[in-house]
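I have placed the structure first, in the form of structure tokens, so that the comments after it can refer back to it.
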Amino acid sequence: MAAIIDGKAVSAKLRQEMKGEVAALQAKGIAPGLAVVLVGEDPASQVYVRNKIRACEELGIRSQDHRLPADTTQERLLELIGELNNDPAVHGILVQLPLPKQISDQAVIAAIDPKKDVDAFHPQNVGKIVQGNYDFLPCTPAGVMALLRSTGVPVAGKECVVIGRSNIVGKPMALLMLHEHATVTICHSRTRDLAEVCRRADILIVAIGKARFVTAGMVKEGAVVIDVGMDRDENGKLCGDVDFAGVEPKAGYITPVPGGVGPMTITMLMQNTITAARLAGGAV
Ligand code: GUN
């Protein structure tokens with residue numbers, strides 16, 4: 001029987017601490033501010049954006065909610081980003097991905113002032129993460145690291161397998177585990193003998209977006225299993241990339257979906273916004 005890693009509880013504790021950080025900045029005349037930009041009407045993105053704005057309200061962070069129609073041109077979006085880059089009340093800019101197909105994600109990410117890049121997706125920030133010298137960490141991998149810390153399980157020297165190689169999760173996740181001295185393997189759709197590779201993992205981090213893809217046969221007895229997935233099963237029910245019911249009896253620790261990684265991602269976004277405000281205010 002695995003211990004359940006409670007993302008809601010870890011999140012609530014961190015957010016409580018952050019309220020103090022926001023109040024301390026406000027006392028110095030700095031009111032942290034986040035601008036969230038959503039292009040189009042993707043229902044999942046709308047939920048994520050709403051939750052981000054709510055988290056700002058909970059912590060006393062000022063938020064701006066920018067909604068643009070699905071047919072927005074790249075030029076118009078870049079113009080908005082230029083305005084937000086120049087707005088001193090905005091410390092963090094988050095453009096919700098994916099963007100409609102007429103807009104290049106990379107062009108938009110590159111246009112955000114790296115000091116306001118609270119997603120840590122800008123090439124300059126990615127480079128700093130690779131070198132291990134950064135101001136911001138991407139929110140989901142940072143949230144996973146905080147969950148791992150909450151278990152007290154040491155990472156150094158462990159076999160870590162990451163399934164998924166996206167720029168948002170898989171690649172930065174692997175780097176953060178490497179910085180913590182894990183032996184890291186990244187798996188993806190072309191990996192041979194995936195189940196066998198996964199069974200080597202002391203820490204298995206799954207970010208592939210396939211409902212209940214990881215089954216008990218792919219998990220080592222006592223492993224820490226972190227599920228980054230947010231999927232719908234054949235009945236439309238929210239579930240993760242891990243078959244929780246099958247894997248839970250075998251794992252040492254496991255994150256549920258919902259209530260695992262999800263709440264942590266937004267909490268780390270709030271942390272990055274506070275950091276951006278602190279750096280902008282000259283207080284380190
Ligand atoms: N879409 C899915 N995850 C993310 C994220 O972490 N940041 C942004 N901006 N968009 C996303």
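The values are calculated or read from the model by the stated rules, or taken from the named source; none is laboratory data. No experiment lies behind these values; they were computed from the predicted model shown. Glycine also receives a Cβ, built like all others from the backbone with ideal geometry; neighbour counts cover every protein chain displayed. The area values use the complete protein model at the heavy-atom level, side chains included, leaving out ligands, DNA and RNA. Shrake-Rupley method; radii C 1.70, N 1.55, O 1.52, S 1.80 Å.
Hey, among Val144, Val161, which residue is modelled with pLDDT of 95 or more and not in a helix (DSSP H, G or I)?
Matching residue, one of Val144, Val161: Val161.
From the list Ala211, Ala174, Ala201, Ala195, which one is of a type outside the set (Asp, Glu), over 17 Å from Thr255 (Cα atoms) and in contact with a Cys (Cβ under 9 Å, 6 or more places away or on another chain)?
Ala174
Any residue in region 2-13 that's more than 15 Å from Leu148 (Cβ to Cβ): show its pairings with residues that are not acidic (Asp, Glu) at Cβ separation under 8 Å, as long as the two are six or more apart or on different chains.
Taking only residues 6 or more apart or on different chains, the pairs are Lys8/Gly259; Lys8/Pro263.
Has region 43-59 got at least one residue that is small (Gly, Ala, Ser) and in contact with a helix residue (DSSP H, G or I) (Cβ under 6 Å, 6 or more places away or on another chain)?
yes
Which residues, taken from region 94-112, are more than 9 Å from the ligand (Cβ to nearest atom), surrounded by fewer than 16 Cβ atoms within 10 Å (Cβ to Cβ) and touching a residue at least 24 places away in the same chain (Cβ under 8 Å)?
The answer is Gln102, Ser104, Ala107.
I'd like to verify a number: residues in region 116-151 that are more than 16 Å from the chain's Cα centre (by Cα) and near the ligand (Cβ under 10 Å from one of its atoms), how many?
0
Of the residues Val284, Val197, which is more than 22 Å from the chain's Cα centre (by Cα), open to solvent by 10 Å² or more (accessible area, probe 1.4 Å), at pLDDT below 95 and not polar (S, T, N, Q)?
Step by step, each of Val284, Val197 is checked, and only Val284 is more than 22 Å from the chain's Cα centre (by Cα), open to solvent by 10 Å² or more (accessible area, probe 1.4 Å), at pLDDT below 95 and not polar (S, T, N, Q).
Here is a list: Val197, Val206, Val225. Which entry is touching a helix residue (DSSP H, G or I) at 6+ places or on another chain (Cβ under 7 Å) and not polar (S, T, N, Q)?
Val225
Being over 21 Å from the mean Cα position of the chain (by Cα), β-branched (Val, Ile, Thr) and outside any helix (DSSP H, G or I) is the requirement here; does Ile30 meet it?
Yes; evaluated as a whole, the condition is true for this residue.
Which numbered condition trips up Asn167, out of (1) closer than 30 Å to Val247 by Cα; (2) away from the ligand (no atom under 13 Å from the Cβ); (3) surrounded by fewer than 16 Cβ atoms within 10 Å (Cβ to Cβ); (4) in contact (Cβ under 8 Å) with a residue 24 or more places away in the chain?
Every condition holds for Asn167 apart from (2).
Return the pairs, sorted by first residue and then second, in which the second residue is within 16 Å of the ligand (Cβ to nearest atom) and in a loop (DSSP other than H, G, I, E, B), the first residue lies in region 130-157 and is free of Cβ contacts under 8 Å to residues at least 24 places away in the same chain and of a type outside the set (Val, Ile, Thr), the beta carbons are less than 9 Å apart, and the residues are 6+ apart or on different chains.
Tyr134/Ala120
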